[in-house]
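Structure, as structure tokens:
The values are calculated or read from the model by the stated rules, or taken from the named source; none is laboratory data. For clarity, every value in this text was computed on a predicted model and none was experimentally measured. Because the Cβ atoms are built from the backbone with ideal geometry, glycine has one as well, and the counts that use them run over all protein chains shown. Each accessible area value is taken on the protein alone, full model and side chains, heavy atoms only, with ligands, DNA and RNA left out. Shrake-Rupley method; radii C 1.70, N 1.55, O 1.52, S 1.80 Å.
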Protein chains: 2
Amino acid sequence: MYAHRIRRPELLVRVMSADAAARLFAPAMTVGMSGFTRAGDAKALPRALVERSRGEPLGLTLITGASLGNDSDGLMANAGVIARRLPFQADATLRRKINTGEVLFIDQHLSETAEQLRSGALPAIDIAVIEAVAIRGDGGIVPTMAVGNSASFVQSAKQVIVELNLAAPLALEGLHDIYLPRARPDRAPIPLAAPGDRIGTTAIQVDPARIAAIVITDSPDSPSNVQPPDGETDAIARHVIAFLEGEVAAGRMTPRLLPLQAGIGTIANAVLHGLAQSSFRGLTMYSEVLQDSAIALLDGGQLALASASSITLSAPVHEQFLAHIERYRDRIVLRPQEISNHPEIVRRLGIIGLNTALEFDIYGNVNSTHVGGTHMMNGIGGSGDFARNGELAIFVSKSEAKNGAISSVVPMVAHVDHTEHDVDVLVTEWGLADLRGLAPRERAPLIIERCAHPAYRAALRDYHERALLRGGQTPHLLDEALAWHERHRLTGAMQP
Amino acid sequence: MYAHRIRRPELLVRVMSADAAARLFAPAMTVGMSGFTRAGDAKALPRALVERSRGEPLGLTLITGASLGNDSDGLMANAGVIARRLPFQADATLRRKINTGEVLFIDQHLSETAEQLRSGALPAIDIAVIEAVAIRGDGGIVPTMAVGNSASFVQSAKQVIVELNLAAPLALEGLHDIYLPRARPDRAPIPLAAPGDRIGTTAIQVDPARIAAIVITDSPDSPSNVQPPDGETDAIARHVIAFLEGEVAAGRMTPRLLPLQAGIGTIANAVLHGLAQSSFRGLTMYSEVLQDSAIALLDGGQLALASASSITLSAPVHEQFLAHIERYRDRIVLRPQEISNHPEIVRRLGIIGLNTALEFDIYGNVNSTHVGGTHMMNGIGGSGDFARNGELAIFVSKSEAKNGAISSVVPMVAHVDHTEHDVDVLVTEWGLADLRGLAPRERAPLIIERCAHPAYRAALRDYHERALLRGGQTPHLLDEALAWHERHRLTGAMQP
């Protein structure tokens, strides 16, 4: 009955229930699961593994593309399915377990997991669980709405479990472009010179003998949980667009700009939405994830094409997209995250990276991950892949959080994910600071006056002026540098 | 009389004194000078510019490859020749001026300056000053012992001054491989697949009409100032070699390893010297600088070939090298630093990067640049280029400094140049911590027990244990995290 989706007849006998497939797992295995920013994740196995863990917690090392949907991470963490997790997550329950130390979390650049699997720096995958649209006659696995690390998991795995999701239309076939670098030392240049180039195959190649189980599901991806734009995100969008218009006016870019990357989340999504009102045309995206905004820009004609590793949409846009895939077929490419985030390609194309900061400091260092400097939020994701190697690293944040109790602009960030060497532009609703070519002593006044909330500017100025008296390339008062964070921890507010 | 070195006859009339050439400069110009880690720097113009600055300080923006020799940076800083300096320096006088704020210093990844010149993020070069062995019949400039950013400066410059150094033997011709990426969006993959590949020309192409002056010099490069190996650097070398032998034993590398990069300085040089006693054969280097150790390994046969952007040697090795260049001609390639440090190549080849840390913390963050968190030492150099994108990022440091008053292992680094995401292995004379695949909570005990000086271990354990009580992915006591640095500032010692 699934012949149009399982096109290699001898594999039909591998169809089984999720519970049966879950019996393939043993404690302490290393498991790779499809899924990237809530898209393309396995829907049945996570819950079956929760059942399987009753009595004997599996304690797996779970590697994914990025975050999972369907509360899977939380359910698995609560049930003891997961002992170790990488490279990214965004689940409230798992986050709590990470911050108590019950689950160990390795917070990795998203381009690097595949490389570490290939080199053996990470243990080989025992079982890969991959959501698919279909299995081809040659055994090739056609992914759904995300490629993520799935091709690398399949390459490394002893056994592969395919979740065939009937809710994922067959029309998705052909959207993917699967290319993985060879092992060293015989690695060739990646032959991708423009965001839309197709350099691989449309399915993940696998020896069918390694497909140990096929589980049938029929449920859509979790909808994205970004918030709608508001006055502050609109202001951030205006500042970014004005800056990019300035780059064009100065002759440093054409009106097509350079390929855009936008991180997951509300602010980056809002900035992209803002581009609909801009004068830019013929834009391209070379990003890790496409959100509602990318579909809107493709529909509006501002965006000529988009490359990513995942598409994660709100429920209505998701439904529209799946109903009209043909509209987008020639303008969207889904790649392995190793390729969407690859240093080689990010530098070659000269990506404009737009990512969200939790906080940044007066010298331009960015904290993307650690609340209060110690507690994990989600993870660095791909922000570092793009900031380290792209043409422009833009970080956006609202200037305050928690109704003003927290300033996003601080004397010194309490955790550094992106160093001053990698950060080009900082933006809040108040304004934009272009740090390129500036020394730290020049950056501080600019960041304070352009980006900080007015309520915090005097205190930041005072800190910087007193720090200058102690001298240095990056003047600080080490006895006060983290006092704002400590005060917030003790009193609930950064202000004295 | 210079016909064998100036092979385009009409250029002979451009020969002039350094003082005459210095009159081409005007205040606030942007100037690019050859020179990378004391090698291949202009010898005459810096001093002529010091004279030229009397009465009217030039206040130039000075961009180089990396550090200059001959005290040039210090002399120019003292005379007001330099107002702004990038991307690297290593001069005591200039360092003082940077830390007082008299000279503004932009501390950049060495691969990025050329890119920023090309894109216009940095101002165009008014005058390039390039040390050369010869000017060819086609106008091509043959560099001396460093390529650095010279090709990019020449490409961008309105005027070019060539310093023809008669002390640099003509036999250097042919050692260089000049390749620059094209401007975007028409950029092709860089066609380099192995460390020794030659992909460009052996001279820097320039329209001879832009050669405004030729100044004749006759003085050798400043000798390198690395210290000889000692007991502690020998121990560090032994730990690194044992680790690499373990990688081979585990099947993650062949006995040829992967291409090696070693940062400038005493410890990295000592580790490479240690390889002479190892079982590795057929090694390659793809580095930014070659020091004495590389020549010794080439002579000893452990090293098959070496690619770099500069060769900086002690006086006796320098003399030997110049006298016997033919021995090395097929085994050394000198490239632009944009290519020696390029993200695309560093990831493709899978570089093993070996760089020196000033300090690192119990979670694996590295400070390479800021003494006490605030005062510039030299700059990040190429360490980030390799750590961000290579296969293995190894950072080495002696466990203590200033006779034990400073611990190189601290609760929290006071400045972050390399984040926990980018650091794989930490080494001191006490041992080695392999951080790959570990969560921060797992790294801390390992780093403390393996790397910290025994005199500091109890205090580090105590910090970590109390921090764990506050929870988090990266537990810290923000009120104490930088107290060791502050105590050192106030009392001269980190210990209470």
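Observations, loosely collected:
- Residue list for the range A:189-234, restricted to those being among the hydrophobic types (A, V, I, L, M, F, W, C) and surrounded by fewer than 19 Cβ atoms within 10 Å (Cβ to Cβ): A:Ala193, A:Ala194, A:Ile199, A:Ala209, A:Ala212, A:Ile216
- Criterion applied to B:Ala157, B:Ala121, B:Ala134 was being under 16 Å from B:Leu60 (Cβ atoms) and of a type in the set (Gly, Ala, Ser), and the one residue passing it is B:Ala157.
- Selection within the range B:13-28 - within 31 Å of the chain's Cα centre (by Cα) and open to solvent by less than 50 Å² (accessible area, probe 1.4 Å): B:Ala18, B:Ala21, B:Ala22, B:Phe25, B:Ala26
- Scanning the range A:469-496 for residues that are of a type in the set (Ser, Thr, Tyr) and part of a helix (DSSP H, G or I) yields one hit, A:Thr491.
- One residue stands out in the range A:77-101 among those that are among the hydrophobic types (A, V, I, L, M, F, W, C) and touching a Leu at 6+ places or on another chain (Cβ under 6 Å): the one that is farthest from A:Ile127 (Cα to Cα), namely A:Ala77.
Matching residues to (1) of a type in the set (A, V, I, L, M); (2) within 17 Å of the chain's Cα centre (by Cα); (3) more than 19 Å from B:Ile339 (Cβ to Cβ):
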| position | (1), (2), (3) |
| --- | --- |
| B:Arg54 | no, no, yes |
| B:Lys97 | no, no, yes |
| B:Gln108 | no, yes, no |
| B:Gly120 | no, no, yes |
| B:Ala124 | yes, no, yes |
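- A:Ile161 being buried (at least 20 other Cβ atoms within 10 Å of the Cβ), in a loop (DSSP other than H, G, I, E, B), modelled with pLDDT of 95 or more and more than 10 Å from every other protein chain (Cβ to nearest Cβ): no
- Scanning the range B:441-482 for residues that are touching a helix residue (DSSP H, G or I) at 6+ places or on another chain (Cβ under 6 Å), within 14 Å of chain A (Cβ to nearest Cβ) and surrounded by fewer than 22 Cβ atoms within 10 Å (Cβ to Cβ) yields B:His464, B:Gly471, B:Leu477, B:Asp479.
- Checking B:His4 against (1) modelled with pLDDT of 95 or more; (2) on the phi < 0 side of the Ramachandran plot, the condition it does not meet: (1)
- Test: residue in the range A:390-411 that is facing chain B (nearest Cβ under 10 Å), touching a Lys or Arg at 6+ places or on another chain (Cβ under 7 Å) and either open to solvent by less than 10 Å² (accessible area, probe 1.4 Å) or of a type in the set (S, T, N, Q) (or both): no
- Test for B:Ala433: is it in contact with a Lys or Arg (Cβ under 6 Å, 6 or more places away or on another chain) and either farther than 24 Å from A:Met376 by Cβ or open to solvent by less than 30 Å² (accessible area, probe 1.4 Å) (or both): yes
- Within the range A:301-389, helices (runs of 4 or more DSSP H) holding 2 or more residues that are surrounded by fewer than 24 Cβ atoms within 10 Å (Cβ to Cβ): A:315-323, A:325-328
- Flag if A:Val366 is out of contact with any strand residue (DSSP E or B) (no Cβ under 8 Å at 6 or more places or on another chain) and of a type in the set (A, V, I, L, M, F, W, C): no
- Residues of the range B:140-168 satisfying the condition of being of a type outside the set (D, E, K, R) and over 20 Å from B:Ile199 (Cα atoms): B:Ser156, B:Ala157, B:Gln159, B:Val160, B:Ile161, B:Val162, B:Leu164, B:Asn165, B:Leu166, B:Ala167, B:Ala168
- Candidate set from the range B:119-146 (those that are more than 7 Å from every other protein chain (Cβ to nearest Cβ) and more than 24 Å from B:Leu24 (Cβ to Cβ)); member that is most open to solvent (accessible area, probe 1.4 Å): B:Gly137
- Residues in the range B:445-468 include none that are assigned to a loop (DSSP other than H, G, I, E, B) and more than 19 Å from B:Val366 (Cα to Cα).
- Residues in the range B:169-188 that are more than 28 Å from A:Ala194 (Cβ to Cβ) and open to solvent by 10 Å² or more (accessible area, probe 1.4 Å): B:Pro169, B:Leu170, B:Ala171, B:Glu173, B:Gly174.
- Qualifying residues in the range A:249-280 (those that are touching a helix residue (DSSP H, G or I) at 6+ places or on another chain (Cβ under 8 Å) and within 14 Å of chain B (Cβ to nearest Cβ)) - the one nearest to A:Asp292 (Cα to Cα): A:Leu260
- Verdict on A:Ala270 being open to solvent by less than 10 Å² (accessible area, probe 1.4 Å), in the same structural domain as A:Thr428 (by TED's automatic domain parsing) and in contact (Cβ under 8 Å) with a residue 40 or more places away in the chain: yes
- All positions within the range A:1-12 that are over 17 Å from A:Ser219 (Cα atoms) and open to solvent by 40 Å² or more (accessible area, probe 1.4 Å): A:Met1, A:Ala3, A:His4, A:Arg7, A:Arg8, A:Pro9, A:Glu10, A:Leu12
- B:Arg38 being in contact with an Asp or Glu (Cβ under 9 Å, 6 or more places away or on another chain), buried (at least 24 other Cβ atoms within 10 Å of the Cβ) and within 14 Å of chain A (Cβ to nearest Cβ): no
- Condition met for A:Arg252 (without any contact (Cβ under 8 Å) to a residue 12 or more places away in the chain and either surrounded by 23 or more Cβ atoms within 10 Å (Cβ to Cβ) or charged (D, E, K, R) (or both)): yes
- Each residue in the range B:378-389 was checked for being touching a helix residue (DSSP H, G or I) at 6+ places or on another chain (Cβ under 7 Å), facing chain A (nearest Cβ under 9 Å) and of a type outside the set (Lys, Arg), and 1 of them qualify.
- Every listed requirement among (1) assigned to a helix (DSSP H, G or I); (2) within 14 Å of another protein chain (Cβ to nearest Cβ); (3) surrounded by fewer than 16 Cβ atoms within 10 Å (Cβ to Cβ) is met by B:Ala242 save one, (2).
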